[in-house]
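Structure first, then comments.
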Amino acid sequence: MELLSYFPEWVLTHGPALLVVLPLLVAVITALLPSEKIAWLATILTAAMSIFLSVGALQYVLSVGPINYAMGGWEPPLGIGYHIDGLNAPVLLLISAVAFLCTLYALPSVVAEVEPKKRAPFYAAFLVSLAGLLGIVATGDAFNVFVFLEVSSISTYVLVGMGASRDRRALASAYNYLIMGSIGATFFVIGIGFLYMQTGTLNMLDMAQILQQNGAESRVTKLGFAFVVIGLGLKLAMFPLHTWLPGAYAYAPSFFTAFLAATATKAALYLLLRFVFTVFDVDWGYVAGSLTYLIAVLAVIGMLAASLQAIFQKDIRRVLAYSSVAQVGYMLLGIGMATTLGLTGGYLHLINHAMIKGALFLAVGAFWYRFGITQVADMRGLGKTMPWTTAGFTIAGLSLIGVPGTVGFVSKLTLVRAAAENEWWWAVAMIALTSILAIIYLGRLIECAYFHAPPKYGAVPAKRNEAPLMMLIPLWVLAISAIVFGINAEWTTSLAEAAVRVLDAGPNTMPLIKGGH
């Protein structure tokens with residue numbers, strides 16, 4: 001309660017609305033600004049304000065309880081309500097913090113990768129994407145979720161396409177993302193339509209209560225569940241619905257790739273948790289069966305298949321992109337267990353993976369910025385020519401593998417404990433196997449950087465040429481975080497446990513199944 005005294009009353013009262021409205025308003029102004037530096041300044045100030053508002057919301061939720069905010073004073077279900085609790089408050093802070101760090105990184109990065117006349121609109125589109133992601137997480141209205149999904153997605157297609165200044169393949173990747181994203185959004189909104197037919201409301205809290213009272217076993221409800229899960233599965237890159245992700249990560253501008261990798265799939269994963277455990281009920285047979293026999297199985301297949309694909313990629317970004325598909329599998333595995341410990345591990349990996357993958361992509365962007373490096377073979381000698389950048393990359397890579405003392409180890413260990421508690425020994429074996437595969441595909445990158453001589457330009461070896469300070473600061477903030485929260489995971493684990501308590505209550509306050517389905 002003492003920390004709340006540092007926040008003005010308007011932050012605690014209107015913070016949920018300002019989180020979404022502020023980036024949208026600033027985006028309009030930013031698009032019209034004549035100076036790219038002023039546009040950058042407006043963007044980073046907005047991201048900083050988002051952090052402030054997110055911290056206020058998180059502290060209020062942890063100290064007092066959930067926040068229910070009626071937009072325009074219209075109470076749900078007639079109006080749109082924002083609902084902030086232990087499940088989404090940490091995700092709001094995660095998105096805001098990553099946005100700030102990536103915007104800091106963007107000052108030199110955008111100059112190198114985006115045409116001058118497009119830079120102010122680029123920042124404006126980024127703010128729209130940020131507002132969309134924050135809106136997805138904050139809103140308590142199911143149709144409003146769809147609206148914000150589209151707001152975020154449309155701006156993301158534009159931002160990925162702007163990578164064409166560096167590589168023309170960004171245009172094809174943006175188009176592929178548009179098609180797949182539109183299919184996912186269509187499935188999702190059809191599912192919402194079925195749920196509205198059954199309940200007559202779009203407010204998720206009301207929807208959950210009505211489904212509990214009448215309609216849990218309705219065919220309409222089951223269809224709604226199926227369409228929502230498939231739509232969100234595509235948005236979060238669940239195997240085999242992940243085909244849009246490698247191209248989007250490989251060819252988007254570096255700063256936006258890092259932001260996208262750290263946040264977009266996490267927001268979609270949050271939505272999956274929200275719908276499956278609070279709108280629907282894990283005690284319903286078809287929900288429990290889907291978690292065990294669909295989501296958990298696809299998670300494990302995705303972990304293995306994507307890890308194997310990452311081994312054979314020659315492009316560094318595609319290595320990391322397929323790695324992201326595999327890591328989404330870890331999170332889905334925790335969800336599929338539907339136990340308290342499993343969900344804690346899955347949610348913890350959601351937070352930890354954002355730190356890890358953000359740092360990795362920021363480092364890769366710096367490699368390109370200095371030497372134009374995109375291929376694994378071109379990383380030769382980077383440990384000598386870019387020692388600080390390479391060290392940050394290495395720390396994040398070791399964390400992704402799950403080396404003790406890093407955040408990756410903390411969440412993987414929690415998932416292993418959850419699988420063992422559930423007697424899913426095949427899942428324990430798969431976590432171990434895919435971690436070994438991670439050693440292979442990340443180890444070859446690190447080995448190339450440290451154990452090969454730098455390339456020569458003519459007869460002259462490449463000289464030390466470190467990334468700019470504006471790139472190194474956000475990279476090392478994330479790399480140090482991966483160590484700090486790996487050594488002492490009390491805070492991040494407490495956030496995961498607070499989130500699971502929301503899921504544990506569910507729509508009818510019944511406890512989760514402790515030993516599987």
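All but one of (1) in a helix (DSSP H, G or I); (2) touching a residue at least 12 places away in the same chain (Cβ under 8 Å); (3) farther than 18 Å from N88 by Cα hold for D281; state the number of the condition that does not hold.
For D281, the failing item is (1).
Specify the residue that is surrounded by the fewest Cβ atoms within 10 Å (Cβ to Cβ); the eligible residues are those in the stretch 72-91 that are modelled with pLDDT under 85 and farther than 22 Å from T199 by Cα.
Result: G73.
Report yes if L18 is assigned by TED's automatic domain parsing to the domain that holds A89 and surrounded by 22 or more Cβ atoms within 10 Å (Cβ to Cβ), otherwise no.
No, not satisfied.
Scanning for something touching a residue at least 24 places away in the same chain (Cβ under 8 Å), closer than 30 Å to A419 by Cβ, buried (at least 19 other Cβ atoms within 10 Å of the Cβ) and among the aromatic types (F, W, Y), does the stretch 369-386 turn up at least one residue?
no
Please tell me if W368 is more than 20 Å from the chain's Cα centre (by Cα), part of a helix (DSSP H, G or I) and at pLDDT below 90.
Considered against the rule, which asks whether it is more than 20 Å from the chain's Cα centre (by Cα), part of a helix (DSSP H, G or I) and at pLDDT below 90, W368 comes out as yes.
Within the stretch 371-391, can you find the residues that are hydrophobic (A, V, I, L, M, F, W, C), in a helix (DSSP H, G or I) and within 18 Å of L442 (Cβ to Cβ)?
Those that are hydrophobic (A, V, I, L, M, F, W, C), in a helix (DSSP H, G or I) and within 18 Å of L442 (Cβ to Cβ): V376, A377, M379, L382, A391.
Which of the numbered conditions does L350 fail, given that it passes all the others? Conditions: (1) in contact (Cβ under 8 Å) with a residue 12 or more places away in the chain; (2) in contact with a Phe, Trp or Tyr (Cβ under 8 Å, 6 or more places away or on another chain); (3) of a type in the set (A, V, I, L, M); (4) surrounded by fewer than 19 Cβ atoms within 10 Å (Cβ to Cβ).
(4)
Any chance the stretch 3-23 includes a residue that's modelled with pLDDT under 90, outside any helix (DSSP H, G or I) and not aliphatic (A, V, I, L, M)?
Yes, because at least one residue in the stretch 3-23 is modelled with pLDDT under 90, outside any helix (DSSP H, G or I) and not aliphatic (A, V, I, L, M).
Please find, within the stretch 24-51, the residue that is farthest from A120 (Cα to Cα) out of those that are polar (S, T, N, Q) and at pLDDT 90 or above.
S50
Residues in the stretch 316-336: is at least one surrounded by 24 or more Cβ atoms within 10 Å (Cβ to Cβ), closer than 18 Å to V228 by Cα and polar (S, T, N, Q)?
No, the stretch 316-336 has no match at all.
Among the numbered criteria (1) surrounded by 15 or more Cβ atoms within 10 Å (Cβ to Cβ); (2) part of a helix (DSSP H, G or I), which one does T201 miss?
The number of the failed condition is (2).
Could you please let me know if A268 is at pLDDT 90 or above, part of a helix (DSSP H, G or I), surrounded by 24 or more Cβ atoms within 10 Å (Cβ to Cβ) and in the same structural domain as P246 (by TED's automatic domain parsing)?
Answer is yes for this residue.
Could you check how many residues of the stretch 147-163 are touching a residue at least 40 places away in the same chain (Cβ under 8 Å) and more than 20 Å from L25 (Cα to Cα)?
The number of residues fulfilling the criteria is 3.
Would the stretch 235-245 turn up any residue that is over 20 Å from I190 (Cβ atoms), part of a helix (DSSP H, G or I) and among the hydrophobic types (A, V, I, L, M, F, W, C)?
Scanning the stretch 235-245, I find at least one residue that is over 20 Å from I190 (Cβ atoms), part of a helix (DSSP H, G or I) and among the hydrophobic types (A, V, I, L, M, F, W, C), so the answer is yes.
Okay, residues lined up against (1) in a helix (DSSP H, G or I); (2) at pLDDT below 90; (3) more than 30 Å from Q213 (Cα to Cα):
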position	(1), (2), (3)
S411	yes, no, yes
E423	no, yes, yes
I439	yes, no, yes
E447	yes, yes, yes
K463	no, yes, yes
P474	yes, no, yes
S481	yes, no, yes
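Results for (1) farther than 23 Å from P474 by Cα; (2) over 20 Å from the mean Cα position of the chain (by Cα); (3) modelled with pLDDT under 90, shown as yes or no for each residue.
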residue	(1), (2), (3)
E115	yes, yes, yes
L130	no, no, no
V147	yes, no, no
L159	no, no, yes
S165	yes, yes, yes
I179	yes, yes, yes
T186	yes, yes, no
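Does A296 count as assigned by TED's automatic domain parsing to the domain that holds T156 and in contact with a helix residue (DSSP H, G or I) (Cβ under 6 Å, 6 or more places away or on another chain)?
Here the answer is no, as A296 does not meet what is asked.
Pairs please, first residue from the stretch 423-445 and free of Cβ contacts under 8 Å to residues at least 12 places away in the same chain, second anywhere and surrounded by 14 or more Cβ atoms within 10 Å (Cβ to Cβ), Cβ atoms under 7 Å, 6+ apart in sequence or on different chains.
Matching pairs, first to second residue: none at all.
Being of a type outside the set (A, V, I, L, M), surrounded by 17 or more Cβ atoms within 10 Å (Cβ to Cβ) and part of a helix (DSSP H, G or I): is that true of W40 here?
Yes.
The values are calculated or read from the model by the stated rules, or taken from the named source; none is laboratory data. Treat the numbers as computed from the prediction; the structure is a model and nothing was measured. All Cβ positions, even for glycine, are placed from backbone atoms using ideal geometry, and neighbour counts span all protein chains on display.
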